[in-house]
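Working notes for the structure below.
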Amino acid sequence: EGRGHTDAAVKGAARHGPTLRIPGRVMHLYPVHGVYTAAWVAADFPPLTSIALAPHMINDHRGREYLAALRGLRAGRAAPRTPPAWAPFRDGAACAVCSAPFVWESTCRSSAQEVCARHHCRACGRVVCGACSAHEVCLPDFGIVEPVRVCDACAWTL
């Protein structure tokens, strides 16, 4: 009888992919304005009961990535300042540094592609273009210990 139950589970997993069972509670690590935050979540939390695996998830859940996230969480909690709020993309019609308008210059114009050309400076929170945000630095005052995108204006003052 027990074996029949196991066989059915194996056949079900083969059809629908692996079933993930998480005992206890889960620490969910996630970034807010570039700084890691954590929350305890019960293992039976509905979104955790039907996780669809995506290609990046394997790399995101390796030991090195967990360690980096935990270091970021510790640094964020000990940081003397909070990072600035990010300006909404909808409010940024032009780059805050060079004033170039955000338009998609191609035959394939779409709002999704236009948004890809916009970035947030992690130091000031403004919406900037890719050309004006090519610098990456650590921002320890905000608890950001890995290099992140900053605008030219902030890169020269940090």
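The values are calculated or read from the model by the stated rules, or taken from the named source; none is laboratory data. Since we're looking at a predicted model, the values are computed, not measured. All Cβ positions, glycine included, derive from the backbone under ideal geometry; neighbour counts span all protein chains shown. Please note that ligands, DNA and RNA were not included when accessible areas were found on the heavy atoms of the full protein model with its side chains. Shrake-Rupley method; radii C 1.70, N 1.55, O 1.52, S 1.80 Å.
Table for the structure above
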read-out: Selection count where residues are open to solvent by 50 Å² or more (accessible area, probe 1.4 Å) and more than 16 Å from Val35 (Cβ to Cβ), scope the range 125-152; value: 4
read-out: Which numbered condition Gly72 fails, given (1) touching a strand residue (DSSP E or B) at 6+ places or on another chain (Cβ under 6 Å); (2) closer than 14 Å to Glu146 by Cβ; (3) open to solvent by 80 Å² or more (accessible area, probe 1.4 Å); value: (3)
read-out: 3 or more residues at pLDDT 80 or above: qualifying helices (runs of 4 or more DSSP H) within the range 18-127; value: 63-78
read-out: Neighbours by Cβ (under 8 Å, 6+ apart or cross-chain): first from the range 132-153, closer than 17 Å to Leu70 by Cα; second in a strand (DSSP E or B) and among the charged types (D, E, K, R); value: Cys138/Glu146; Pro147/Glu136; Val148/Glu136
